[in-house]
1. If you scan region A:67-92, which residues turn out to be in contact with a helix residue (DSSP H, G or I) (Cβ under 9 Å, 6 or more places away or on another chain) and within 22 Å of residue A:163 (Cβ to Cβ)?
2. If I ask for residues that are among the acidic types (Asp, Glu) and within 16 Å of residue C:319 (Cβ to Cβ), which ones from region C:348-373 would you list?
3. Looking at (1) within 11 Å of chain C (Cβ to nearest Cβ); (2) out of contact with any Ser or Thr (no Cβ under 8 Å at 6 or more places or on another chain); (3) crowded, with 24+ Cβ neighbours inside 10 Å; (4) assigned to a strand (DSSP E or B), which is the one condition that is false for residue B:316?
4. Please go through region C:209-242 and give me each residue that is under 24 Å from residue A:259 (Cα atoms), in contact with a Phe, Trp or Tyr (Cβ under 8 Å, 6 or more places away or on another chain) and either polar (S, T, N, Q) or surrounded by fewer than 21 Cβ atoms within 10 Å (Cβ to Cβ) (or both), ordered by number.
5. With the requirement that a residue be more than 11 Å from chain B (Cβ to nearest Cβ) and either part of a loop (DSSP other than H, G, I, E, B) or β-branched (Val, Ile, Thr) (or both), what does region A:294-303 give you?
6. Looking only at strands (runs of 3 or more DSSP E) that fall completely inside region A:102-196, which ones have 1 or more residues that are surrounded by fewer than 16 Cβ atoms within 10 Å (Cβ to Cβ), at positive phi and free of Cβ contacts under 8 Å to residues at least 40 places away in the same chain?
7. Name the residue, out of C:112, C:117, C:122, that is aromatic (Phe, Trp, Tyr) and within 11 Å of another protein chain (Cβ to nearest Cβ).
8. Anything in region C:283-334 that is within 27 Å of residue A:6 (Cβ to Cβ) and hydroxyl-bearing (Ser, Thr, Tyr)? List them, or say none.
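The values are calculated or read from the model by the stated rules, or taken from the named source; none is laboratory data. As the structure is a computational prediction, the values presented were derived from the model and not from experiment. Quick reminder, even Gly has a Cβ in these numbers, built from the backbone with ideal geometry, and neighbours come from all protein chains shown.
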Amino acid sequence: MSQAIRFQAQAELAEKVTVDLEKVRYPHYGRYLEEFVPGQVFVHPRGFTFLAAQMEGFARTYLQCNPLYLNEQYARAMGFLGLVASPQMVFNVVLSLGVQNDSEKAMANLGYYDAQYLRPVYALDTIRSLTKVIDRKERGAGKPGIVTIRTLGINQNDEVVLQYQRKIMVGGQGDRPSTTPLPPSALMPAFPWVDDAEVFLPDFPAQLASGLTGPNSYFEDFSVGDIIVHSNGRTITDEHLSLTYAVGNTHPLHFDRVFSSGLSGKMSGDPIVYGGLVFAWLEGLASRDVSENSVWELGFTEGYHTQPAIAGDTVAALSRVLAAEEAPGELGKKFGIVSFQLIGVKNISAANALAKHGEDLFIKENDKKDMGKEKIDEKIFEIERRLLIRKRG
Amino acid sequence: MSQAIRFQAQAELAEKVTVDLEKVRYPHYGRYLEEFVPGQVFVHPRGFTFLAAQMEGFARTYLQCNPLYLNEQYARAMGFLGLVASPQMVFNVVLSLGVQNDSEKAMANLGYYDAQYLRPVYALDTIRSLTKVIDRKERGAGKPGIVTIRTLGINQNDEVVLQYQRKIMVGGQGDRPSTTPLPPSALMPAFPWVDDAEVFLPDFPAQLASGLTGPNSYFEDFSVGDIIVHSNGRTITDEHLSLTYAVGNTHPLHFDRVFSSGLSGKMSGDPIVYGGLVFAWLEGLASRDVSENSVWELGFTEGYHTQPAIAGDTVAALSRVLAAEEAPGELGKKFGIVSFQLIGVKNISAANALAKHGEDLFIKENDKKDMGKEKIDEKIFEIERRLLIRKRG
Amino acid sequence: MSQAIRFQAQAELAEKVTVDLEKVRYPHYGRYLEEFVPGQVFVHPRGFTFLAAQMEGFARTYLQCNPLYLNEQYARAMGFLGLVASPQMVFNVVLSLGVQNDSEKAMANLGYYDAQYLRPVYALDTIRSLTKVIDRKERGAGKPGIVTIRTLGINQNDEVVLQYQRKIMVGGQGDRPSTTPLPPSALMPAFPWVDDAEVFLPDFPAQLASGLTGPNSYFEDFSVGDIIVHSNGRTITDEHLSLTYAVGNTHPLHFDRVFSSGLSGKMSGDPIVYGGLVFAWLEGLASRDVSENSVWELGFTEGYHTQPAIAGDTVAALSRVLAAEEAPGELGKKFGIVSFQLIGVKNISAANALAKHGEDLFIKENDKKDMGKEKIDEKIFEIERRLLIRKRG
């Protein structure tokens, strides 16, 4: 099982090797606009072994209240094989593993679309991430373009656990040196995206666990139009620098102040909180009121970070019910499907944000110009999400 | 074991659902004074699965030096079934799980009493928390009242691992909307508090582990009256915001600056450090000198947070020996019981606090008025605790 | 397996025990110069059980990119028994466990020498640490002296996993009270240091894992003289206070602002980042470019922290190739040995530091005086390290 090797003793060498400034290289990562080729597939490095303590730790950092992610016994009693990784963690890891290829040169993350969670992730699952370039839109010389990508998270059994699409804004290469090239590879890797994908859920037990979730977040509690103002906010500290690579994200904008303060424009200054973390906090803040009785996060779409956040900002959340439907087939006996609009604000309580901005909070920021409305500086995020939620029964 | 389901594709909905500001709700948690009914039992949500890495992580965050909580081999050699969750973690989790019902509306935590640790908590144990309302004292219109509660931590085998009592100051409802009601439930849950409870300890081995604990913290090292000044302090950073929900505590005072800065009075401004964390740090700072050779934390009483702490404060600790007795029966061959008064100070070293305040440090702050003495602003905590400590042999 | 004991109820005692200021003691730790006796061996307290989540957590906190430390599947496919603890974590823990005896009174860590990693550390291994005093150099009355120590990290099977030497600067006792004495012990503990030690490596499989590491960090990518400028930096936050005892380090300089701000000279002010953490961040920042395809960290020498770092500082790294050799015997078919000089800078990007300081960055700071050169304030660290790196094949 092991071999014993005796190596030569290490001797000091630096003085003996002349410094040759001609032999300098500057490896850097991400892709410039021209480097994205539609059809190209990136197999992202490293992968990520999910461990129970990190799954629980993630859930607690982001204020999750659904015991599926906090209580192993409860998760088993609900039919799962053990503690479940929170969908937010799965999303954050799958996206972050791809940053080195997809977006380490990105200027902005423009939106998330068509995210679908297809299978639970459990402790000791190892997830890797793949991206396919779908489209590259150039917008003229000197202007950044828009790249559309699809990303898959795949487990050690080659099963897709998550798929989603996102758009990113990327600048051109200009006269800058090329990024680190992909390994030459004869075969284009498979990219098993399925538009109409099946979701693999546990066979839920006849009798679901009780007593550990709130009384006011069952399927029957949600009607179309309901607006739920989540009471607590969360002040983000500079913990976010460390949390960024905790999920595998390598973009220096989020943890390197020399880099972030050297930028010009809106992103200049303190490191910007990686958006996936903001989404996770907002979802956690909403969880007591809307997802404590959820058994599956089906997915999300039309997700936009409308303002950046930095350390010191306090975020708060509101949810609005967009649909409440029966779950298909047998599943409908125990569960319904609820679609929510989740809105994030900063440095104002959710209640005060609603009092101040009213219905404008729920209008997509990008639609406002055409409607002759002003954007809301205090609004930081908007998305639509769909959950499978237990009936009170 | 699992079922494959095809859900309808998610379509964008927000634009199609009119925003109706009549359908807003503001769920909020905790209880106002009038909502506490003596005799009522709360089964707190979520529960908490203890994981080895989080147990070790907690012990390290709070500077624990007893290897029972850090070294699995040592814990087994001492007769335990594996790494032991530190009593501080158990206490923090059991209390925090109850915050949503007990104290998310509390204005102050007035004191901890009669805490007894009854069984070890090991990795993969899942702990849930129950509270019974013992007493509600009203102090006149417009004044906050005092609620006395008892809380139990119970493991997955329905065994009580910790019980304690606390008093909290709570304001009345006034014209504010009611908090989120408890689930209606036909049966009043059992509440297995036992005044004269048995403690379940391992059968300690004939030969205890050696070489991994300090030489100066055996039972024989403690005599009544000894004052031990712990050398190091710990500066609390804004890590405390995240650490609050890491133990399950949902009170926004500790992590929501919009909330905390909107308060009036002493608690206004930066988020206040949740008191249980302050206690944990103080206990950790004391651990090298008093509890490195402890095998059981019997419990504590008369615990008071006499001043709040915020990020940036540096805390330090002193211990005073109040009693040193033989352990009962056979246990007395190897162990003795030591009672300590643990005192916490802030922004001054423990040595300087003693030089400056002398014996006044050890007088309960609440007794000072009657004694014609001033309270000590630099003093933040006082408690009496009792440990089962190994004899040098 | 367990015994049920009924203890007497805890009663309040503090009021009844008179405060006696004659009975004060001030236990403190570390050793003054005179207390170090060449030949003496310290068996350090506590030990440290490595847990998978903490190993992965460490690797992520310090930006490691080698999947050996992040991906259990990859580690197994490379022939290891499971997820491998990063060498940086092993080093930090072994050193930190020794601080209580070795350096809690140290004024400076002067250098690391001859570090050799001899065996992998896996999850559930429990490591303890021993130190032997090698030399004590006094430099005249009132001046701090220099102590040379050797430290071993030993696993639960009594196998050495790491050995290294370091020099520390320590002040004399003067008229201060003695530190806490070692336990009297009849036997001098064994100290199994071996100069020419064997390294125990797994039997690497015929076919190594692929697809999860970068394309530009194979053995063939490194030639003597290459300078590699690592693109990203990392801003250190006050997370470092907590991270210090996360690896077991008890020196208050790193987490007690009352202590650190009470010092005089260069170390006065905010808590100084424990140097081992700085080394870990720099190594992590370099890992994408130089060690992602490494299978073993052989060791390091001539390591110097040339400037302190505090919270808020941003660190960045450069590597220079000092040697690139065949690995011995059969190992040479798959691996080569690369020696790197690793340089750390602060509050400037690595590229700008190179542009500004050129070859002077790579000259040992201690040699500069004799060369008539100025020291570089922005340079914080220098070391030589040796890796076993996979061939592209």
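1. If the condition is that a residue be in contact with a helix residue (DSSP H, G or I) (Cβ under 9 Å, 6 or more places away or on another chain) and within 22 Å of residue A:163 (Cβ to Cβ), then A:68, A:69, A:80, A:81, A:84, A:85, A:86, A:87, A:88, A:89, A:91, A:92 are the ones that fit.
2. Selection gives C:359 alone.
3. So the condition that residue B:316 fails would be (2).
4. Answer for region C:209-242, where residues must be under 24 Å from residue A:259 (Cα atoms), in contact with a Phe, Trp or Tyr (Cβ under 8 Å, 6 or more places away or on another chain) and either polar (S, T, N, Q) or surrounded by fewer than 21 Cβ atoms within 10 Å (Cβ to Cβ) (or both): C:231, C:232, C:235.
5. Correct list: A:295 only.
6. Strands (runs of 3 or more DSSP E) meeting the threshold: none at all.
7. C:117
8. The answer is C:287, C:291, C:294, C:301, C:319.
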